[in-house]
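The values are calculated or read from the model by the stated rules, or taken from the named source; none is laboratory data. A quick note: this is a predicted structure, and the numbers were derived from the prediction, not measured. Here the Cβ positions follow ideal geometry from the backbone for every residue, glycine too, while neighbour counts run over all protein chains shown. Calculation scope for accessible area: heavy atoms of the full protein, side chains included, ligands and nucleic acids excluded. Shrake-Rupley method; radii C 1.70, N 1.55, O 1.52, S 1.80 Å.
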Amino acid sequence: AQIQSIHKRAHDMPVPDLVIIDEAHLVSGAPKKALETWEDEDGITRYDVKNGLSRYGRFLATIFERNPDCKVVGLTATPYRLDQGWLHKGNDALFDGVAHEIKIADLMRDGWLCPVSSKAVKQSIDLTNVRTRAGEYREDDLAKAASDPELIEISADEIVERGADRGSWLVFCCGVAHAMLVCAALHKRGIDAEVLTGAHGSTERDSIIARFKSGELRCLVNVNVLTTGFDAPNVDLLVMLRATQSPSLYVQMVGRGTRLHEGKENCLVLDY
């Protein structure tokens, strides 16, 4: 199941002894500590799930209420979160250890992932006036800084130059207006590019992604929708026209270029 469909069904399903979560870095907080306990008139401990939890939090807290001995296994390429650090460390950690790990560098060395390479860029986003909130850059400040007209022109020229021998470009932007500016700059340079945001309906989104995966569309400019789990093996150029203080988000974005694909030797990362 996906958490979107099951988070309200925790009381309806058979009580599990084991829950396996893919992309476990999406789980926030500590569901076991999200339970309020009290004793009824017979002295039996009862549980109530606190309000204000995420979908994962409410689901897991309800499962622990029904079966305190339920075990949870998480799978992820990035076992840490910006707001809590390592998923298995700290007093509020849901997980209590790492059962198995393999390094990304080892997967590249052994041929399971495509190597990434990088080139220095001519100009980076000026973060001088970008404020931080809850440990991450404020989206409005970051979008304003990244939308600097000179930066957009310089980066567009550089993307076209560096990507001349690469077939599938994936660009990460930091706001819809910013993405539209970047896409327009690429159009002006003769590049077939489209913008994809969370505002697109599923039908239109699926159509754009299908064109990109087939090679019909060379460049896909996205805003926070193609990070975790997006699988397009043909991506051989990643452009980071946004900044983040989250190691997890950064690794997930770069990871979009590490899928193996016929004729693909490496993925070039241009980090602004």
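With a Förster radius of 22 Å, plug the Cβ-Cβ distance of residue 18 and residue 80 into 1/(1 + (r/R0)^6) and report the FRET value to the nearest 0.05.
0.40
What residues qualify as long-range amide H neighbours of residue 81, i.e. H under 5 Å apart, gap of 5 or more or another chain, H built at 1.01 Å from N?
Hits under the 5 Å cutoff: 86, 87.
Compute the distance in nm between two label points, each set 7 Å from the Cα along the Cα-to-Cβ direction, one at residue 126 and one at residue 2.
4.1 nm
Taking the dipole about the Cα centre of the chain, with the C-beta of Lys and Arg at +1 and of Asp and Glu at -1, give me whichever of 270, 61, 93 is farthest to the positive side.
Value computed over the given set: 270.
Please identify, among 247, 233, 16, the residue showing maximal mean-square fluctuation in a Gaussian network model of the chain using a 10 angstrom Cα cutoff.
Comparing 247, 233, 16 in the GNM, the peak value goes to 16.
Taking each pair of distinct Cα atoms in region 43-170 once, what is the resulting Kirkwood hydrodynamic radius in Å? Show your work: numbers first, answer last.
Numbers: mean 1/r = 0.0501 Å⁻¹.
One decimal place: 19.9 Å for the Kirkwood radius.
Under a 1.4 angstrom probe, counting protein chains only, how are 186, 18 ranked by accessible area, largest first?
Working: 186 0, 18 95 Å².
Most to least solvent-accessible, the answer reads 18, 186.
With θ set to phi - 60°, apply the Karplus curve 6.51 cos²θ - 1.76 cosθ + 1.60 along region 121-137 and write out the HN-Hα couplings as whole Hz, x wherever there is a Gly or Pro.
Running phi through 6.51 cos²θ - 1.76 cosθ + 1.60 with θ = phi - 60° gives 9, 6, 8, 10, 5, 7, 8, 4, 9, 8, 7, 10, 9, 6, x, 10, 4 Hz.
Can you tell me the dipole magnitude for region 124-198 around its Cα centre, using point charges on the Cβ only (Lys, Arg +1; Asp, Glu -1), in Debye to the nearest 20?
On the way: 8 positive and 14 negative charges, 37 e Å.
In total the dipole reaches around 180 debye.
Going by Cα centres, region 247-272 and region 169-218 are how many Å apart?
Each part reduced to its Cα centre gives a spacing of 17 Å.
Which one of 150, 101, 41 has the biggest mean-square fluctuation once the chain is modelled by GNM with Cα springs under 10 Å?
Answer for the Gaussian network model of the chain: 41.
Here is the link list: 103/213; 144/264; 144/188; 103/188; 103/264. Which ones come out longer than 32 Å on Cα distance?
With Cα atoms farther than 32 Å apart: 144/264; 103/188.
If I compute Kirkwood radius over Cα pairs in Å from the structure I just sent, which labelled value in (i) 19.6; (ii) 18.8; (iii) 20.9 lines up?
The calculated read-out lines up with (iii).
Hey, got the dipole for the chain? About the Cα centre, +1 on K and R Cβ, -1 on D and E Cβ, debye to the nearest 20?
Charge dipole of the chain: 340 debye, to the nearest 20.
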